[in-house]
Amino acid sequence: MLGLNLKLTIWDMTTRPNDDVVGGAVITGTPAYTNVSGRMEGQAPDQIILQQGLETDRIWSVTIQPNTIAIDEMDEIEITSPANHRFFGKRFKVRSMRDTPMHPSDGRSYIELQVSHIEQLYN
């Protein structure tokens, strides 16, 4: 597929079996897929929300190949290449995903993700 100019790492986010001492869930991530080809495009915010003066999340559309990757909402993607990319090393949370109706072995098949940026205070 043309335009796949990024390499991504897909993080599988799960809750650990042991919650913390006060009963809260402890979320951990494991890199499930590395060197995934993709491209990223910013989405325009909803004009109705902006006109009302409400805050809106920045949303990006990310297209990845192959479409055989098992990815779920709340998993994360990380931009790992190129090193001069604006979001190099940053993570994005998967909000929704959509598969193409093509056969998995078709070279044109892909997965489209809607992602939002994750602000990390501990870096």
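FYI, it's all coordinate maths here, none of it is from the lab. In this text, all values refer to a predicted model and were calculated from it rather than measured experimentally.
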Practice item. Search the structure for amide H atoms under 5 Å from the amide H of residue 90, placed 1.01 Å from N in the peptide plane, and list their residues when 5 or more places away or on another chain. Key: 79
Review point. Once phi is turned into ³J(HN,Hα) by the Karplus curve 6.51 cos²θ - 1.76 cosθ + 1.60 with θ = phi - 60°, what whole-Hz value does each residue of the range 30-36 show in order, with x for glycine and proline?
Key: 10, x, 8, 9, 10, 6, 7
